[in-house]
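The values are calculated or read from the model by the stated rules, or taken from the named source; none is laboratory data. Here the structure is a predicted model, which is why all the values come from computation and not from measurement. No Cβ is skipped: glycine too gets one built from the backbone with ideal geometry, and neighbour counts run over all protein chains shown. Calculation scope for accessible area: heavy atoms of the full protein, side chains included, ligands and nucleic acids excluded. Shrake-Rupley method; radii C 1.70, N 1.55, O 1.52, S 1.80 Å.
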Amino acid sequence: MTLRKLSLLVLVLLCLGLVGCASSTTKRPLPLSTEFRDFDPGVDVDSAERLEKLTPAAHLERGYGALAQGNPPIARLHFAMALAKEPGLTEAYLGMGQVLVREGNLSGAATSFARVLEQDAGNLRALAALGTLYRYESRYDDALTYLHRARELQPHNPSLLTELAMVHERRGEQEQAQDYFEQVAQLTPRSAEACNNLGFNLLLQEKYVEAVPVFEQGLRLDPDNRLLMNNLALAYALHGDARRALNLFETSMGRAAAYNNLGYLLMVQGFYRDAEMALNRALEANPRFYVRARQNLDQIQFRENEGRGLFD
């Protein structure tokens, strides 16, 4: 076996996690994904030779294909092989960064994306990826730096605007976030997700009257979306429309959960009598299993039993 073939075989085994410190037990190597049947499950020398024949472009194609299939180990293998054959290949670094994000290695992912920017300072995907990654890490100033650089390249990119909105929301800058979410909603008028994002931002600002029509528009676009149903129900409840909130919660979650959720929302708003009534109905709907309603009722015992009445 040539030294190059041996090196390739070791690289393959390392990527698959089949080489390491000695162990007291010997385990057979796990078979590779059935999506890659041209590889021998044992990853032997012949498999390494077949990998050696693939071009960097072929490795990239298979690497991204593995990512799409939810198979990061195979994706890592192909991106590593592409870089072994063509060091500095930006597409491979981008792919490897995505693999590392999925594996939870955010530091390694940042390094991989930064390698791309060393060669191409205006690489939109690397800039956006670093912005998103730093949002995950709560490094909001860094996130904004990279996202704004990306936005200079594509000022009306809905994904970038959504990321910017989320960073500002995490920083407690709700009105700035609202501005970005509104831009996304205008750019993507058929997007239920854009409606949900904007509506929830309005809820966070206690702009319940404004949030209701936004969620309603989202639900018209995606009538079976349970997240939108629940958020619209929440907006109704906080706006004071308990009956419509109950109807939506029941459609989305069932009768017991609907009354429990409504009861809890009424309780935190100080509508104790109505909250107790709703929670009792939750228990009637599911007396054996609905423990949360009982726990919420217990909380009411420590509060005044008189209050404002939504159902009056």
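Among the residues in the stretch 177-188, are any in contact with a Pro (Cβ under 7 Å, 6 or more places away or on another chain), of a type outside the set (A, V, I, L, M, F, W, C) and outside any helix (DSSP H, G or I)?
Yes, some residue in the stretch 177-188 is in contact with a Pro (Cβ under 7 Å, 6 or more places away or on another chain), of a type outside the set (A, V, I, L, M, F, W, C) and outside any helix (DSSP H, G or I).
Would you mind telling me which numbered condition in (1) open to solvent by 20 Å² or more (accessible area, probe 1.4 Å); (2) without any contact (Cβ under 8 Å) to a residue 40 or more places away in the chain; (3) more than 23 Å from the chain's Cα centre (by Cα) ALA245 fails?
(1)
Out of the stretch 153-162, which residues are open to solvent by 60 Å² or more (accessible area, probe 1.4 Å) and polar (S, T, N, Q)?
Residues satisfying the conditions are GLN154, SER159.
What's the number of the condition SER191 fails, among (1) in contact with a helix residue (DSSP H, G or I) (Cβ under 6 Å, 6 or more places away or on another chain); (2) open to solvent by less than 40 Å² (accessible area, probe 1.4 Å); (3) closer than 30 Å to ASP241 by Cβ?
Every condition holds for SER191 apart from (1).
Only one of (1) open to solvent by less than 20 Å² (accessible area, probe 1.4 Å); (2) in contact (Cβ under 8 Å) with a residue 60 or more places away in the chain fails for ALA256. Which number is that?
Tallying (1) open to solvent by less than 20 Å² (accessible area, probe 1.4 Å); (2) in contact (Cβ under 8 Å) with a residue 60 or more places away in the chain, ALA256 fails exactly one: (2).
Given the conditions (1) part of a helix (DSSP H, G or I); (2) more than 24 Å from SER159 (Cβ to Cβ), report the number of the one that GLY88 does not fulfil.
Among (1) part of a helix (DSSP H, G or I); (2) more than 24 Å from SER159 (Cβ to Cβ), the lone unmet condition for GLY88 is (1).
Pick out the one residue from ALA75, ALA58, ALA82 that is touching a Pro at 6+ places or on another chain (Cβ under 9 Å), more than 30 Å from GLN176 (Cβ to Cβ) and either in contact (Cβ under 8 Å) with a residue 40 or more places away in the chain or open to solvent by less than 50 Å² (accessible area, probe 1.4 Å) (or both).
Exactly one of ALA75, ALA58, ALA82 is touching a Pro at 6+ places or on another chain (Cβ under 9 Å), more than 30 Å from GLN176 (Cβ to Cβ) and either in contact (Cβ under 8 Å) with a residue 40 or more places away in the chain or open to solvent by less than 50 Å² (accessible area, probe 1.4 Å) (or both), namely ALA82.
Let's see how each residue does on (1) part of a helix (DSSP H, G or I); (2) in contact (Cβ under 8 Å) with a residue 12 or more places away in the chain; (3) of a type outside the set (Phe, Trp, Tyr); (4) buried (at least 22 other Cβ atoms within 10 Å of the Cβ):
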{"site": "LEU144", "(1), (2), (3), (4)": "yes, yes, yes, no"}
{"site": "ARG151", "(1), (2), (3), (4)": "yes, yes, yes, no"}
{"site": "LEU164", "(1), (2), (3), (4)": "yes, yes, yes, yes"}
{"site": "ASN196", "(1), (2), (3), (4)": "yes, yes, yes, yes"}
{"site": "PRO213", "(1), (2), (3), (4)": "yes, no, yes, no"}
{"site": "LEU219", "(1), (2), (3), (4)": "yes, yes, yes, no"}
{"site": "ASP224", "(1), (2), (3), (4)": "no, no, yes, no"}
{"site": "ASN230", "(1), (2), (3), (4)": "yes, yes, yes, no"}
{"site": "ALA235", "(1), (2), (3), (4)": "yes, yes, yes, yes"}
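Looking at this structure, is ALA114 of a type outside the set (Ser, Thr, Tyr), open to solvent by less than 30 Å² (accessible area, probe 1.4 Å) and modelled with pLDDT of 95 or more?
Considered against the rule, which asks whether it is of a type outside the set (Ser, Thr, Tyr), open to solvent by less than 30 Å² (accessible area, probe 1.4 Å) and modelled with pLDDT of 95 or more, ALA114 comes out as no.
Just checking, how many residues over the stretch 132-142 are assigned to a helix (DSSP H, G or I) and either touching a Lys or Arg at 6+ places or on another chain (Cβ under 6 Å) or not aromatic (Phe, Trp, Tyr) (or both)?
6
Could you grab me the full set of residues in the stretch 117-131 that are assigned to a loop (DSSP other than H, G, I, E, B) and open to solvent by less than 60 Å² (accessible area, probe 1.4 Å)?
Passing the criteria: GLY122, ASN123.
May I ask you to verify whether ALA114 is outside any helix (DSSP H, G or I) and of a type in the set (A, V, I, L, M)?
No.
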